[in-house]
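Just below is one structure, and these are the notes that go with it.
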Amino acid sequence: MWIPYLPGSLVGKMTGTMLRNALKPSVICLIAALAVQATGCSRISRLASGSDTYRTTTYKGVVDRWTRQARIQHGLQVDLIVSVTFKSKAFRRAYAEEYAQAYQLRPFEKERFTADQLHVADLSHDFLMAAFVPEKKWDEFDKPQSMWKLYLVNDDNERVSPFEVRRLRKKDALIAHFFPYVTPWKSVFLVRFPCRISETGRAVIGPKTKHVTLVVTSVLGTVEMHWTVDHSGGTKAAGCSRIQKQKVSALFF
């Protein structure tokens, strides 16, 4: 049982009955409340439940819907474990809503943040990728001469290569909250594909595109992850070729 601190001089003057009364739950609560006020601590109005991970009711379902996982394995030897989230407009809307709730954004801040997210979705097709490889020398997805090749392929078998693969070195609570498959043992990358095919000028994801596939391949093997395209948010391909290689802030990972 927790015993409140009482000055020695006061304890010495207390009778047994007084001391027992001082240790009653009601008295202990009073002493604790006075101690909180004395130290200037703010009152705790609500204790968050350990299972109450997300602020919104929809984010978990959305991130699950837009995330795929795959691996390259030969017998007991695992050469690659990869988890990838397609940052579609539907995902970005849910992300913006969760972010706004978590950081208590004011209405105009939330509106601006959401608009920025949807604007980035019009610049390129972005994926958040977390990868584990057993050999450090294989962890080179962001190197120009990487042993790995990545492609985004539509259902007409047209494909593009990423114009940017950026390693996200800061794996903090923020990224782990929004992408729960991120662990200290995985490297995290932002992979950005152009929204137009340079040879033809056609949109990678056009109005009639139903599926896209992310291919990760090397001499170790190949994995393919498939998504059904959601056209509810629109596919703004017009003008994309002029701005597709614009750099984006780490805010938009």
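So that you can scan it fast, the table gives a plain yes or no per residue for (1) modelled with pLDDT of 95 or more; (2) outside the structural domain of residue 230 (by TED's automatic domain parsing); (3) touching a helix residue (DSSP H, G or I) at 6+ places or on another chain (Cβ under 8 Å); (4) among the aliphatic types (A, V, I, L, M):
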{"site": "96", "(1), (2), (3), (4)": "yes, yes, yes, yes"}
{"site": "112", "(1), (2), (3), (4)": "yes, yes, no, no"}
{"site": "132", "(1), (2), (3), (4)": "yes, no, no, no"}
{"site": "140", "(1), (2), (3), (4)": "yes, no, no, no"}
{"site": "147", "(1), (2), (3), (4)": "yes, no, yes, yes"}
{"site": "153", "(1), (2), (3), (4)": "yes, no, no, yes"}
{"site": "171", "(1), (2), (3), (4)": "no, no, no, no"}
{"site": "178", "(1), (2), (3), (4)": "yes, no, yes, no"}
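Consider the stretch 72-128 and keep the residues that are assigned to a strand (DSSP E or B) and more than 20 Å from the chain's Cα centre (by Cα). The one that is surrounded by the most Cβ atoms within 10 Å (Cβ to Cβ) is 80. Sub-9 Å Cβ pairs linking a first residue in the stretch 197-219 that is in contact (Cβ under 8 Å) with a residue 60 or more places away in the chain and under 30 Å from residue 74 (Cβ atoms) to a second residue that is of a type in the set (Gly, Ala, Ser) and assigned to a loop (DSSP other than H, G, I, E, B), at least 6 apart or interchain, are 218/146, ordered by first then second residue.
Among all residues of the stretch 229-242, there is at least one that is part of a helix (DSSP H, G or I), touching a helix residue (DSSP H, G or I) at 6+ places or on another chain (Cβ under 9 Å) and at pLDDT below 95. Against the numbered list (1) touching a Leu at 6+ places or on another chain (Cβ under 6 Å); (2) outside the structural domain of residue 228 (by TED's automatic domain parsing), residue 79 comes up short only at (2).
Annotation: residue 184 fulfils all but one of (1) closer than 30 Å to residue 53 by Cα; (2) surrounded by 13 or more Cβ atoms within 10 Å (Cβ to Cβ); (3) not basic (Lys, Arg); the unmet one is (2). With respect to the conditions (1) surrounded by 12 or more Cβ atoms within 10 Å (Cβ to Cβ); (2) modelled with pLDDT under 90; (3) touching a helix residue (DSSP H, G or I) at 6+ places or on another chain (Cβ under 9 Å), residue 251 lacks only one, and its number is (1). With the requirement that a residue be closer than 19 Å to residue 224 by Cβ and β-branched (Val, Ile, Thr), what does the stretch 79-131 give you? The answer is 81, 82, 84, 85. Taken together, the residues in the stretch 191-224 that are of a type in the set (A, V, I, L, M) and closer than 19 Å to residue 138 by Cβ amount to 7.
Quick one: which residue in 150, 168 is farther than 23 Å from residue 211 by Cβ and either crowded, with 18+ Cβ neighbours inside 10 Å or under 21 Å from the mean Cα position of the chain (by Cα) (or both)? Exactly one of 150, 168 is farther than 23 Å from residue 211 by Cβ and either crowded, with 18+ Cβ neighbours inside 10 Å or under 21 Å from the mean Cα position of the chain (by Cα) (or both), namely 168.
The values are calculated or read from the model by the stated rules, or taken from the named source; none is laboratory data. What you see is a predicted model, and the numbers here were worked out from it, not measured in a lab. Neighbour counts run over all protein chains shown; Cβ positions are idealised from the backbone, glycine included.
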